[in-house]
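Worksheet for the structure shown next.
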Amino acid sequence: MKLRPLTDAGGLTGLYCGTHGPSLAFLMTLEKQASCCAWVLEDASRVKGAIWFTRVDGEAELVDIRVEASSRQQGLGARMLRESLAVLATAGVTTCHLEVRESNDIAQRLYRRLGFAESGCRHHYYGAGDHREHAILMTLKLEAMSAP
Ligand SMILES: CC(C)(COP(=O)(O)OP(=O)(O)OC[C@H]1O[C@@H](n2cnc3c(N)ncnc32)[C@H](O)[C@@H]1OP(=O)(O)O)[C@@H](O)C(=O)NCCC(=O)NCCS
């Protein structure tokens with residue numbers, strides 16, 4: 001299993017079928033921008049997960065993290081996040097921000113596990129009509145990242 005920089009959309013379609021979050025089309029547009037840093041986790045050429053950030057100077061923002069459904073709860077999400085943050089830290093990033101749906105307990109637990117702390121809330125940020133929900137903002141100072 002290896003984390004490698006993302007170069008194209010190969011093997012990613014299955015990860016982005018029928019889920020919440022940014023579409024693959026949006027992410028591939030983002031990928032063309034200089035601020036984008038993205039990696040895929042691969043096992044014998046099969047994509048198991050992907051992680052996307054934007055980065056400007058010492059600050060990064062986690063745009064999306066996704067592990068294929070049949071490979072969840074095996075530590076891959078934590079590994080992908082930890083390894084990509086370590087690369088960003090080496091490149092001079094000191095702080096990472098993210099926002100997550102209030103209902104996404106699993107992702108929030110993952111982020112807290114690595115040391116992210118809640119830093120704010122965007123009320124009624126996601127959804128439409130009666131089905132809106134808050135975005136929880138979280139921040140990690142990279143020197144405070146939890147050890148595995
Ligand atoms: C969030 C996601 C990336 C986690 O990936 P994963 O590989 O399953 O996570 P891991 O196995 O590395 O687990 C890491 C931590 O996440 C939390 N976690 C993961 N799955 C969980 C579950 N089903 N229930 C509760 N907590 C869970 C736990 O805190 C876990 O640490 P622990 O096992 O030591 O308690 C994955 O569930 C996913 O792709 N979800 C859909 C996309 C998504 O919601 N992305 C986040 C957008 S903000």
Looking only at the range 1-39, and only at residues there that are under 20 Å from GLY75 (Cβ atoms) and either β-branched (Val, Ile, Thr) or buried (at least 16 other Cβ atoms within 10 Å of the Cβ) (or both), the one that is modelled with the lowest pLDDT: LEU15
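Taking CYS121, is it in contact with a Ser or Thr (Cβ under 8 Å, 6 or more places away or on another chain) and more than 8 Å from the ligand (Cβ to nearest atom)? Working first, answer last.
On the way: in contact with a Ser or Thr (Cβ under 8 Å, 6 or more places away or on another chain): no; more than 8 Å from the ligand (Cβ to nearest atom): yes.
No: the conditions fail for CYS121.
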Exactly one of LEU27, LEU76 is free of Cβ contacts under 8 Å to residues at least 40 places away in the same chain, of a type in the set (A, V, I, L, M) and either under 27 Å from THR94 (Cβ atoms) or touching a helix residue (DSSP H, G or I) at 6+ places or on another chain (Cβ under 8 Å) (or both), and that residue is LEU27
Of all residues in the range 48-75 being near the ligand (Cβ under 10 Å from one of its atoms) and of a type in the set (Lys, Arg), which is farthest from ALA9 (Cα to Cα)? ARG72
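Residues checked against (1) closer than 22 Å to LEU41 by Cα; (2) touching a Gly at 6+ places or on another chain (Cβ under 7 Å); (3) touching a residue at least 12 places away in the same chain (Cβ under 8 Å); (4) charged (D, E, K, R):
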| site | (1), (2), (3), (4) |
| --- | --- |
| MET80 | yes, yes, yes, no |
| GLU83 | yes, no, yes, yes |
| LEU88 | yes, no, yes, no |
| THR95 | no, yes, yes, no |
| VAL100 | yes, no, yes, no |
| ILE106 | yes, no, no, no |
| GLY115 | yes, no, yes, no |
| CYS121 | no, no, yes, no |
For the range 12-39, the count of residues that are part of a loop (DSSP other than H, G, I, E, B) and within 15 Å of the ligand (Cβ to nearest atom) equals 8
Filter result (under 18 Å from ALA86 (Cβ atoms) and of a type in the set (Asp, Glu)) within the range 131-148: GLU143
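Within the range 93-115, is there a residue that is hydrophobic (A, V, I, L, M, F, W, C), away from the ligand (no atom under 12 Å from the Cβ) and under 14 Å from the mean Cα position of the chain (by Cα)? Show your work before the answer.
So in the range 93-115, the residues hydrophobic (A, V, I, L, M, F, W, C) come out as 93, 96, 98, 100, 106-107, 110, 114.
Next cut, away from the ligand (no atom under 12 Å from the Cβ) only: 93, 96.
Filter again for under 14 Å from the mean Cα position of the chain (by Cα), leaving 96.
Yes: the range 93-115 contains one or more residues that are hydrophobic (A, V, I, L, M, F, W, C), away from the ligand (no atom under 12 Å from the Cβ) and under 14 Å from the mean Cα position of the chain (by Cα).
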When residues of the range 128-137 are limited to those that are of a type in the set (Gly, Ala, Ser) and either over 16 Å from VAL63 (Cα atoms) or part of a loop (DSSP other than H, G, I, E, B) (or both), the one nearest to the ligand (Cβ to nearest atom): ALA128
Determine which member of the set SER35, SER71 is over 26 Å from SER103 (Cα atoms) and among the polar types (S, T, N, Q). SER35
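The values are calculated or read from the model by the stated rules, or taken from the named source; none is laboratory data. Since this is a predicted model, take the numbers as computed values, not measurements. So basically every Cβ, Gly included, is an ideal-geometry build from the backbone, and we count neighbours across all protein chains shown.
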